[in-house]
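Below: one structure, written as structure tokens.
The values are calculated or read from the model by the stated rules, or taken from the named source; none is laboratory data. Fair warning: this is a prediction, and the values are worked out from it, not measured in the lab. Here the Cβ positions follow ideal geometry from the backbone for every residue, glycine too, while neighbour counts run over all protein chains shown.
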Amino acid sequence: MWLSAARSKIPKVLSKRHCDQGEAIARAYAGGGYTMKEIGARFDLRYSRVSQIIRAAGETKR
């Protein structure tokens, strides 16, 4: 599984039940705790789609 021991609990931002999936994806990436590959695996999306969502939200890794 892609979660390490330090990230054993999935934060609210990556909850599949989040009302706005795009916002959750952008926030997870911007927070610096997850790679696009990890986010894609969590939401069952391809890397390219995750990249498009992040780009559309205007988020950059901090």
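Tell me which residues, restricted to the range 4-58, are of a type in the set (A, V, I, L, M), in contact with a helix residue (DSSP H, G or I) (Cβ under 8 Å, 6 or more places away or on another chain) and at pLDDT below 85.
10, 13, 14
Are any residues in the range 32-50 crowded, with 18+ Cβ neighbours inside 10 Å and of a type in the set (Lys, Arg), and if so, which ones?
Correct list: 42 only.
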